[in-house]
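The values are calculated or read from the model by the stated rules, or taken from the named source; none is laboratory data. Keep in mind the model is a prediction, meaning the values are calculated, not measured. Cβ sites come from the backbone with ideal geometry, for glycine too, and all protein chains shown count toward neighbours. For accessibility, only protein heavy atoms count, side chains too; no ligands or nucleic acids. Shrake-Rupley method; radii C 1.70, N 1.55, O 1.52, S 1.80 Å.
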Amino acid sequence: MNVAIIGVSGNVGRKTIEVLEKSKIAFKELFLVASERIVGKKIKFRDKEIIIQNLENYDFSKDQITIFAAGSDIAKEWAPKASKKNHRN
């Protein structure tokens, strides 16, 4: 299963990463997505460094689950795009 976390730089995003790190949930890939100001930075997750991607050009079709840890304005704008990811075929 591939999972994306939108808003990894905020308090909720960091806490979400922390909770998932301790969980026994198996991931094939974890995508960390945020605003342009922190794109390219790395966050360690389960002995791997994951590079933060830009929300503006993130491909939602890569993940099966998208967690919005960003504010409500971001969720209102981007959640509809994320929900269409499985309807592209």
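Summed over the range 1-25, residues that are open to solvent by less than 30 Å² (accessible area, probe 1.4 Å) and of a type in the set (A, V, I, L, M, F, W, C) total 7.
Quick check on the range 42-63: of everything there that is of a type in the set (A, V, I, L, M) and open to solvent by 40 Å² or more (accessible area, probe 1.4 Å), which residue is modelled with the lowest pLDDT? Going through the qualifying residues, I end up with Ile43.
Within the range 64-76, the residues that satisfy the criterion of being farther than 16 Å from Ala26 by Cα and open to solvent by less than 50 Å² (accessible area, probe 1.4 Å) are Ala69, Ala70, Gly71, Ala75.
Conditions (1) part of a helix (DSSP H, G or I); (2) touching a residue at least 24 places away in the same chain (Cβ under 8 Å); (3) aliphatic (A, V, I, L, M), marked per residue:
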site: Lys44; (1), (2), (3): no, no, no
site: Ile50; (1), (2), (3): no, no, yes
site: Glu56; (1), (2), (3): yes, no, no
site: Ser61; (1), (2), (3): yes, yes, no
site: Thr66; (1), (2), (3): no, yes, no
site: Ala70; (1), (2), (3): no, yes, yes
site: Asp73; (1), (2), (3): yes, no, no
site: Trp78; (1), (2), (3): yes, yes, no
